[in-house]
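The values are calculated or read from the model by the stated rules, or taken from the named source; none is laboratory data. Everything numeric in this text was worked out from a predicted model, so none of it was measured. Here the Cβ positions follow ideal geometry from the backbone for every residue, glycine too, while neighbour counts run over all protein chains shown. We work out accessible area using only protein heavy atoms, side chains counted, and drop any ligands, DNA or RNA first. Shrake-Rupley method; radii C 1.70, N 1.55, O 1.52, S 1.80 Å.
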Amino acid sequence: MSEHIVGVEPKVYNGRKYRSTLEANTAKTLDEMGLSWEYETKKITLQEGFYCQYQKDKVKAINYIPDFIIGPIMIETKGFETPDWKIKKKLLYKYLKENDPNAIFYMVKNNKQLLEVLDNHWQYLGYCIEVRPKPKKTKDSVQSDAVTLYDSISQAMEELGLKGKSMASILRSLTGHTEYAYNYNWKLKKIVL
């Protein structure tokens, strides 16, 4: 059940070939955040292969390989859902319901959705969000307020009065593209137990 999608070309990032620009960009974002992840390492058999009286050859198995695995989270990057994927997705949901009901599966179409997915699972992945206000310059010195740790970006945004603002600039800060977003420096901090 694999088909070529017109306009989707493989892309190389960091020496590895990905099936699309979206996959390569996702890998880059995960690297920039410093997260540990795997690419297409787990194969799930959704339907075993079988012999059929109406067909000479064996009917091939239907397998699914998640694009990314981040801890217990499976992420599929899809910019466009093909007819084949829509069928495979239904088989996957059925498989997970019956065989792995605690599985965490998401489909993302862009970095914004990726960040929203991860934001629901930072603690589960062993991280918290470290937020440091931009230092204030006074006549004699530079003052820096204390660092605050949050369970999620959305929690930090709410407590800092940023609810409703875009997470895009925060993503740029988390990945090191900008130092500050909304006058705060945002970092992932590994939780040490």
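Please find the FRET efficiency linking Glu40 to Asn110, where r is the Cβ-Cβ separation and R0 is fixed at 30 Å, and quote it to the nearest 0.05.
That gives a FRET efficiency of 0.95.
What shape does the range 1-75 take by its C-alpha gyration tensor, where a ≥ b ≥ c are the square roots of the eigenvalues and a/c under 1.5 counts as rounded, a/b above b/c as prolate, and the rest as oblate?
Note, shape of the range 1-75 comes out oblate.
Go ahead and collect, in residue order, the members of the range 155-193 whose backbone nitrogen is under 15 Å from a label point 7 Å along the Cα-Cβ direction of Asp145.
156-163, 181-186
Only one of the listed values, [x] 20.9, 87; [y] 24.0, 83; [z] 19.7, 58, was derived from the coordinates as Rg and Dmax of the Cα atoms in Å; which label is it?
Comparing each candidate, only [x] matches the computed number.
Taking amide H positions as placed 1.01 Å from N in the peptide plane, with prolines and chain starts having none, which residues 5 or more places from Arg19, or on another chain, fall under 5 Å of its amide H?
Correct list: Lys11.
Ignoring ligands, DNA and RNA, what percent of the 1.4 Å accessible area of the chain is carbon and sulfur?
Taking all protein chains in place, the chain shows 48 percent carbon and sulfur surface.
Are there chymotrypsin sites (Phe, Trp or Tyr not before Pro) in the range 51-121 that DSSP marks as loop and that have at most 15 other Cβ atoms within 10 Å, and which are they?
Loop-located and lightly packed - Tyr51, Tyr54, Phe80.
Given a 1.4 angstrom probe, what's the average accessible area per residue across the range 100-164, in square angstrom?
61 Å²
Just the accessible area for Met107, please: 1.4 Å probe, Å², rounded to the nearest 10?
Its heavy atoms expose roughly 50 Å² to the probe.
Measure nothing but the geometry: give the 0 to 90° angle between the long axis through the Cα atoms of 83-99 and the longest principal axis through the Cα atoms of the chain, rounded to 10°.
The helix 83-99 is inclined about 80 degrees to the chain.
Can you give me the distance in nm between label points at Glu48 and Asp84, each placed 7 Å from the Cα along the Cα-to-Cβ direction?
2.4 nm
Restricting the count to DSSP beta bridges whose residues both fall in the chain, what percent are antiparallel, rounded to a multiple of 5?
85 percent
Of Lys43/Lys165; Lys17/Lys56; Lys109/Lys187; Lys88/Lys189; Lys163/Lys187, which ones are farther than 28 Å apart at the Cα?
Where the Cα-Cα span goes over 28 Å, the pairs concerned are Lys43/Lys165; Lys17/Lys56; Lys88/Lys189.
Can you tell me the FRET efficiency between Lys189 and Lys97 if r is taken as the Cβ-Cβ distance and R0 is 35 Å, rounded to the nearest 0.05?
0.50
Answer rounded, prolate or oblate for the range 106-193, using the Cα gyration tensor with square roots of eigenvalues a ≥ b ≥ c: rounded when a/c is under 1.5, else prolate when a/b is larger than b/c, else oblate.
Judged from the Cα gyration tensor, the range 106-193 comes out prolate (a/c at least 1.5, a/b above b/c).
Quick one: which residues, 5 or more positions from Ala181 or on another chain, have an amide H under 5 Å from its amide H? H modelled 1.01 Å from N in the peptide plane, none for Pro or chain starts.
Residues meeting the amide H criterion: Trp186.
Of Trp122, Tyr150, Ile170, which is farthest along the charge dipole of the chain in the positive direction, counting Lys and Arg as +1 and Asp and Glu as -1 at C-beta?
Going by the charge dipole, the pick is Ile170.
Filter the trypsin sites (Lys or Arg not before Pro) in the range 108-193 down to the DSSP loop ones having no more than 10 other Cβ atoms within 10 Å, then list what survives.
Lys139, Lys163
How long is the gain from Asn63 to Lys11 if the chain were fully straight, where each residue apart is worth 0.36 nm and the alpha carbon distance is subtracted?
Here the segment from Asn63 to Lys11 would lengthen by 16.4 nm.
Apply the Karplus parameterisation 6.51 cos²θ - 1.76 cosθ + 1.60, with θ equal to phi minus 60°, to every residue of the range 161-175 and state each ³J(HN,Hα) to the nearest whole Hz, in sequence, with x for glycine and proline.
With coefficients 6.51, -1.76 and 1.60, one gets x, 10, 4, x, 7, 6, 7, 4, 5, 5, 4, 4, 6, 4, 8 Hz.
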